[in-house]
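Novice: My questions will all concern the structure given below.
The values are calculated or read from the model by the stated rules, or taken from the named source; none is laboratory data. Computed from a predicted model, the values in this text were never measured in an experiment. In this analysis, Cβ positions are derived from the backbone assuming ideal geometry, glycine residues included, and neighbour counts consider all displayed protein chains. Each accessible area value is taken on the protein alone, full model and side chains, heavy atoms only, with ligands, DNA and RNA left out. Shrake-Rupley method; radii C 1.70, N 1.55, O 1.52, S 1.80 Å.
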Amino acid sequence: MSEIAAAHDDHHDYHPSGLWRWVTTTNHKDIGTLYLWLAMIMFFIGGAMALVIRTELFSPGLQFVDPQFFNSMTTLHALVMIFGVVMPAFTGLANWQIPLMVGATDMALPRLNNWSFWILPFAFAMLLSTMFMDGGGPAGGWTLYPPLTLQTGNALPFVIFSIHFMGMSSIMGAINIIATIVNMRAPGMHMMKMPLFVWTWLITAFLLIAVMPVLAGGVTMLLTDKFFGTSFFNAAGGGDPVMFQHIFWFFGHPEVYILILPSFGVVSSILPTFSRKPLFGYSSMVYATASIAFLSFVVWAHHMFTVGMPLAGELFFMFATMLIAVPTGVKVFNWVATMWRGSMTFETPMLFAIGFIIMFTIGGFSGLMLAIVPADFQYHDSYFVVAHFHYVLVPGSIFAIMAAVYYWLPKWTGNHYPERLGKWHFWLSTIFVNLTFFPMHFVGLAGMPRRIPDYALQFADYNMLASIGAFGFGFAQLLFLYIVVVTIRGGEKATDQVWEGAEGLEWTLPSPPPYHSFTTPPVVR
Amino acid sequence: MPERIRRLLPNLKSILNLRRLAAGAILLPVASAALAGWDTLNMPVGVTEVSRIVYDLHMLIFWICVVIGIVVFGAMFYSILMHRKSRGVTAATFHESTTVEVIWTVIPFIILVAMAVPATATLIKMEDSGQSEMTIKITGYQWLWRYDYLDHDFGFYSFLSTSRDSIRDRAEKGEHYLLEVDRPLVIPTNTKIRLLVTANDVIHAWWVPDLALKRDAIPGFINELWTQIDDPGVYRGQCAELCGRDHGFMPIEVHAVPPDEYRAWVEKQTASVAE
């Protein structure tokens, strides 16, 4: 009966082929794929920018680029990696996985889904085109602090407009995810039975809706200050340049959790599978995620301890920031307890997940150090900060995304990826990522400021190491691209369950899953 | 474009010098850690009471993190080694325990309180600029600093003194490459000095690691700092807040001299202003 119904549905489906299929698609899998490919392309573009930076920093002196171009590279590298890689990659994973994991046919709002993706290529085309405009690309840092950012040439309105686009896309994506999770769960899939990836994305989606409009407001004020004679951030006109920083970081701190919470969900899915043991402390994981999200709204000023806040303000933001270590610690301890007395195997997704836990925790430690205000006065805007946030973002978020791709790629394509190459990719990435970012702790503590194109001689050795590491890491990612492409094209066929220890609704479907995931809702007991 | 490429060529040669590359990749990190020592690896202890307290605080938190790291990663690696399927173990089935959840919520909380106490005490001390004996106003410009001695009505600009040629690799780089200026800030030792920090165009930040001082210089705002240097010497720093094209080229050089030497220097300055 259901087979007849499915055949009937297929008959009515309109499946254009070629490019038109991708432009008009409202299917969650197609759109997830589009998001993930966009992230992959932007990863190499943003990575190329990082390599321009590391090339100039290979040795003291100015050899390759003008300092202004260097500054626009650091600015665009950050914008591309944050808005063009990590956020679309997680949205892509959400698109693919959330309907599969909650037992739905598709996302709740398919047309909105199409729109929220197709805004992005235009937004990034516009952002990247600013490099070729009069006055060069944006060079005031991705944080866009005025008054410096207001010195940008013709690029500024285009940058602001592209940020508006990215914000719209994120908000629509978030609305869709919330609508799907709230309305489309299979019978019996209570909230407290949802996989943690779904939970962390639900919380992330609320963060996105809360803070993207704040960023949009902030950059719009920049626009009116520059072109319409307002003085929001101009002290000479009665404005306040520090107010921008408050607005920006009120967006910016929840934003860093937007970049990391879905990783927590990914790791919490992978560890139990390869430990062959249920996740330890499921409900405390949910509460810890919610606490982190809540705290993320009251710690923003720790990004600006040196602006000269009153003592009481500095103390408040120090204590609140330190408090985040508690729920984050709970998560790490729960992961270790999940592995404890399991029966572990170490396929590529597991390796990336374990690498994530270790290196994200290192980034967490330096984050705790940064919270201590008196010491932060030394760390602030030094390479120590660069080391810190790259540890939580590269072997943090990016490793989690790669873990997720290796974990679910056999499900998506029906083919196993080449395991040996996957392990090569993991080990090369891990070695080079540490070679790149670990020495940055040292030069930062020794006094090297961030965002400089040239540096004093005592920083030369570690910068050379970091540059060698960066090239190694960059080229290792070509291996990732190769693995993904060969897996899509073929390979050893995957079973429905794919992994011996995998549990959850997505593993009950065939690999690859049918075009409309669950045409009849599964029953969850 | 061709101009840029032409300028690039000699540099490429010097950079791709194999010997240097090999030394950089293999020998230097080891050698530099051994020879140059702690200085290139860690925060400077500095030359003020505050900088020493900040250093101790930094090391305290660092060691706490190291201990936590050893415990957590130790448990993890033990598990990775012992609880693997290839050893034939079967997985346990436990998946929750309120007791351990409470334990590993409360213990980190107590550790945090233990960190917060000295941090708060240090911060209160750092923010108290009362009873200072003299005041200097520091103004950031794109891309230089200005120092005004408010008690003596004189001031001057301080520019990077490293030559363009050495930045462009056309001349040898000196010992204080990029950390040297034409006119340094001269201040007396053993004197509590109040520093007022502001800027004239965009936001800068005045940072001297040896004094554990960093504060944003913001147009339209005046921030307050203080320092009291124990040892005479030359202390160097840089602008720490991205301020445009030459952000990397506006260093800070502080000469701390004994009080009588400072008085003599001030007299010379005021005399030259009077002329």
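Novice: Residues in segment B:102-116: is at least one closer than 28 Å to B:ALA240 by Cα and facing chain A (nearest Cβ under 9 Å)?
Specialist: yes
Novice: Here is a further query. So how many residues does segment A:308-322 have that are surrounded by 20 or more Cβ atoms within 10 Å (Cβ to Cβ), part of a helix (DSSP H, G or I) and facing chain B (nearest Cβ under 7 Å)?
Specialist: Restricting attention to segment A:308-322, the residues satisfying the condition of being surrounded by 20 or more Cβ atoms within 10 Å (Cβ to Cβ) are A:308, A:314, A:317-318, A:321-322.
The next check asks that each one be part of a helix (DSSP H, G or I); those that pass are A:314, A:317-318, A:321-322.
Those left that are additionally facing chain B (nearest Cβ under 7 Å): A:314, A:318, A:322.
So the answer is 3.
Novice: Counting only residues that are in contact (Cβ under 8 Å) with a residue 40 or more places away in the chain, among the aliphatic types (A, V, I, L, M) and open to solvent by 20 Å² or more (accessible area, probe 1.4 Å), which one in segment A:202-247 is nearest to A:LEU150 (Cα to Cα)?
Specialist: Residue satisfying both the conditions and the ranking: A:LEU223.
Novice: When segment B:185-200 is examined, which residues are found to be open to solvent by less than 30 Å² (accessible area, probe 1.4 Å) and closer than 20 Å to B:PHE159 by Cβ?
Specialist: If the condition is that a residue be open to solvent by less than 30 Å² (accessible area, probe 1.4 Å) and closer than 20 Å to B:PHE159 by Cβ, then B:LEU185, B:VAL186, B:ILE187, B:LEU195, B:VAL197, B:THR198, B:ALA199 are the ones that fit.
Novice: Ok, one more. Among B:TYR147, B:TYR177, which is part of a strand (DSSP E or B) and of a type in the set (Ser, Thr, Tyr)?
Specialist: Numbers: B:TYR177 fails: part of a strand (DSSP E or B).
Answer to the check: B:TYR147.
Novice: Here is a further query. Against the definition (hydrophobic (A, V, I, L, M, F, W, C), closer than 19 Å to B:VAL47 by Cβ and open to solvent by 10 Å² or more (accessible area, probe 1.4 Å)), how does B:VAL208 come out, yes or no? Outline the logic, then answer.
Specialist: Details: hydrophobic (A, V, I, L, M, F, W, C): yes; closer than 19 Å to B:VAL47 by Cβ: yes; open to solvent by 10 Å² or more (accessible area, probe 1.4 Å): no.
Against the criterion (hydrophobic (A, V, I, L, M, F, W, C), closer than 19 Å to B:VAL47 by Cβ and open to solvent by 10 Å² or more (accessible area, probe 1.4 Å)), B:VAL208 does not qualify.
Novice: Residues in segment B:63-96 that are within 7 Å of chain A (Cβ to nearest Cβ), over 21 Å from A:GLY281 (Cβ atoms) and hydrophobic (A, V, I, L, M, F, W, C): how many?
Specialist: Counting residues in segment B:63-96 that are within 7 Å of chain A (Cβ to nearest Cβ), over 21 Å from A:GLY281 (Cβ atoms) and hydrophobic (A, V, I, L, M, F, W, C) gives 2.
Novice: Pull up segment A:115-141, narrow it to residues that are of a type in the set (S, T, N, Q) and either in contact with a Gly (Cβ under 6 Å, 6 or more places away or on another chain) or buried (at least 19 other Cβ atoms within 10 Å of the Cβ) (or both), then point me to the one that is farthest from A:LEU19 (Cα to Cα).
Specialist: Here is the first cut: in segment A:115-141, the ones of a type in the set (S, T, N, Q) are A:116, A:129-130.
From what is left, the residues that are either in contact with a Gly (Cβ under 6 Å, 6 or more places away or on another chain) or buried (at least 19 other Cβ atoms within 10 Å of the Cβ) (or both) are A:116, A:130.
Numbers: A:SER116: 18, A:THR130: 27 Å.
Filtering segment A:115-141 for residues that are of a type in the set (S, T, N, Q) and either in contact with a Gly (Cβ under 6 Å, 6 or more places away or on another chain) or buried (at least 19 other Cβ atoms within 10 Å of the Cβ) (or both), the one farthest from A:LEU19 (Cα to Cα) comes out as A:THR130.
Novice: Further question: Every residue in segment A:495-509 that is touching a residue at least 24 places away in the same chain (Cβ under 8 Å) and either part of a loop (DSSP other than H, G, I, E, B) or β-branched (Val, Ile, Thr) (or both), please.
Specialist: Going through segment A:495-509, the residues touching a residue at least 24 places away in the same chain (Cβ under 8 Å) turn out to be A:498-507, A:509.
Answer for segment A:495-509, where residues must be touching a residue at least 24 places away in the same chain (Cβ under 8 Å) and either part of a loop (DSSP other than H, G, I, E, B) or β-branched (Val, Ile, Thr) (or both): A:VAL498, A:TRP499, A:GLU500, A:GLY501, A:ALA502, A:GLU503, A:GLY504, A:LEU509.
Novice: Within segment A:145-154, take every residue that is touching a Ser or Thr at 6+ places or on another chain (Cβ under 9 Å) and buried (at least 24 other Cβ atoms within 10 Å of the Cβ) and give me the one that is farthest from B:LEU242 (Cα to Cα).
Specialist: In this case the residue turns out to be A:THR152.
Novice: Do we find that A:GLY469 is open to solvent by less than 10 Å² (accessible area, probe 1.4 Å), touching a residue at least 60 places away in the same chain (Cβ under 8 Å), within 13 Å of another protein chain (Cβ to nearest Cβ) and not aliphatic (A, V, I, L, M) in this structure? Outline the logic, then answer.
Specialist: Details: open to solvent by less than 10 Å² (accessible area, probe 1.4 Å): yes; touching a residue at least 60 places away in the same chain (Cβ under 8 Å): no; within 13 Å of another protein chain (Cβ to nearest Cβ): yes; not aliphatic (A, V, I, L, M): yes.
Judged against the criteria, A:GLY469 is not a match.
Novice: OK, next. Looking only at residues in segment A:63-77 that are open to solvent by 20 Å² or more (accessible area, probe 1.4 Å) and within 25 Å of the chain's Cα centre (by Cα), which one is farthest from the other protein chains (Cβ to nearest Cβ)?
Specialist: A:HIS77
Novice: If the requirement is being open to solvent by 20 Å² or more (accessible area, probe 1.4 Å), of a type in the set (A, V, I, L, M, F, W, C) and away from chain B (no Cβ under 12 Å), which of these qualifies: A:PHE250, A:PHE264, A:PHE197? Lay out the reasoning, then the answer.
Specialist: Numbers: A:PHE264 fails: open to solvent by 20 Å² or more (accessible area, probe 1.4 Å); A:PHE197 fails: open to solvent by 20 Å² or more (accessible area, probe 1.4 Å).
None of the other options fit; the residue is A:PHE250.
This table checks each residue for (1) assigned to a helix (DSSP H, G or I); (2) open to solvent by 50 Å² or more (accessible area, probe 1.4 Å); (3) modelled with pLDDT under 95.
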site: A:GLY447; (1), (2), (3): no, no, yes
site: A:THR487; (1), (2), (3): yes, no, no
site: A:SER511; (1), (2), (3): no, no, yes
site: A:PRO514; (1), (2), (3): no, yes, yes
site: A:ARG525; (1), (2), (3): no, yes, yes
